[in-house]
Amino acid sequence: MPLRPGRCYRRIDTPPYTRKEYIPGVPNSKITKFDFGTSKNTFEYRLDLVVTHLGQIRHNALESTRMAVHKILSSLGEENYYFKVRKYPHQVIRENKMMAFAGADRMQQGMRLSFGKPIGLAVRVKKGDVLFTVNVDEKFLPQVKEAFRIAQAKLPLETVVLVSKVKDGVHASESS
């Protein structure tokens with residue numbers, strides 16, 4: 001598997017660390033809005049961005065992906081799509097910061113009591129989890145596929161786009 005951006009916090013190698021009421025100094029999630037477009041319309045197609053591996057995605061990677069997809073979708077017009085972010089970052093990521101200047105080895109403790117301080121949040125995903133969903137009509141499918149292609153480059157895990165045709169509220173899935 002080729003190395004991709006975000007490899008420092010991609011693996012799940014620690015137990016869940018999510019109880020924010022016991023953790024001082026947890027930063028807020030960079031994702032503040034999860035629904036875009038018009039949810040009341042009925043659309044012909046549903047496209048899902050699905051993760052193919054187990055791992056973690058940091059909240060800043062998820063937010064930059066959301067911004068890239070929404071930038072393309074907003075050109076379609078607010079009433080022509082419905083875009084939803086399906087995952088919320090709960091996992092608190094810690095880092096044991098090290099000093100990097102002359103004489104730092106005499107000042108810091110190294111790995112002694114190296115629990116770390118909260119630096120960000122992440123989403124833990126399993127194989128088959130849906131990150132983003134876009135509902136759209138057939139004439140806008142190429143633009144949404146292009147938006148998801150750009151989004152795949154911003155994520156640290158491999159993903160696939162699933163296209164399904166909506167028939168009376170039931171999705172018939174096909175992979176692309």
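The values are calculated or read from the model by the stated rules, or taken from the named source; none is laboratory data. All values derive from a computational prediction rather than experimental measurement. Cβ coordinates were reconstructed from backbone atoms using ideal geometry, including for glycine residues, and neighbour counts include every protein chain displayed.
Would you confirm whether any residue within segment 6-21 is within 16 Å of the chain's Cα centre (by Cα), exposed (fewer than 13 other Cβ atoms within 10 Å of the Cβ) and either aliphatic (A, V, I, L, M) or modelled with pLDDT of 90 or more (or both)?
Checked against the condition, which is being within 16 Å of the chain's Cα centre (by Cα), exposed (fewer than 13 other Cβ atoms within 10 Å of the Cβ) and either aliphatic (A, V, I, L, M) or modelled with pLDDT of 90 or more (or both), segment 6-21 yields no hits at all.
Checking Asn96 against (1) at pLDDT 85 or above; (2) touching a Gly at 6+ places or on another chain (Cβ under 9 Å); (3) surrounded by 12 or more Cβ atoms within 10 Å (Cβ to Cβ); (4) under 27 Å from Ser29 (Cα atoms), which test does it fail?
(1)
Which count do you get for residues in segment 34-63 that are touching a helix residue (DSSP H, G or I) at 6+ places or on another chain (Cβ under 8 Å), over 22 Å from Ile93 (Cα atoms) and either hydroxyl-bearing (Ser, Thr, Tyr) or crowded, with 16+ Cβ neighbours inside 10 Å (or both)?
6
One line per residue, one yes/no per condition, for (1) among the polar types (S, T, N, Q); (2) surrounded by fewer than 16 Cβ atoms within 10 Å (Cβ to Cβ):
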| position | (1), (2) |
| --- | --- |
| Asp129 | no, no |
| Asn135 | yes, no |
| Glu138 | no, yes |
| Arg149 | no, yes |
| Val163 | no, no |
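Condition test on Val69, is it over 18 Å from Gly37 (Cβ atoms), modelled with pLDDT of 90 or more, surrounded by 15 or more Cβ atoms within 10 Å (Cβ to Cβ) and not hydroxyl-bearing (Ser, Thr, Tyr)?
In short, no.
So Val166 ticks every box in (1) modelled with pLDDT under 90; (2) closer than 28 Å to Pro24 by Cα but one. Which box is left unticked?
(2)
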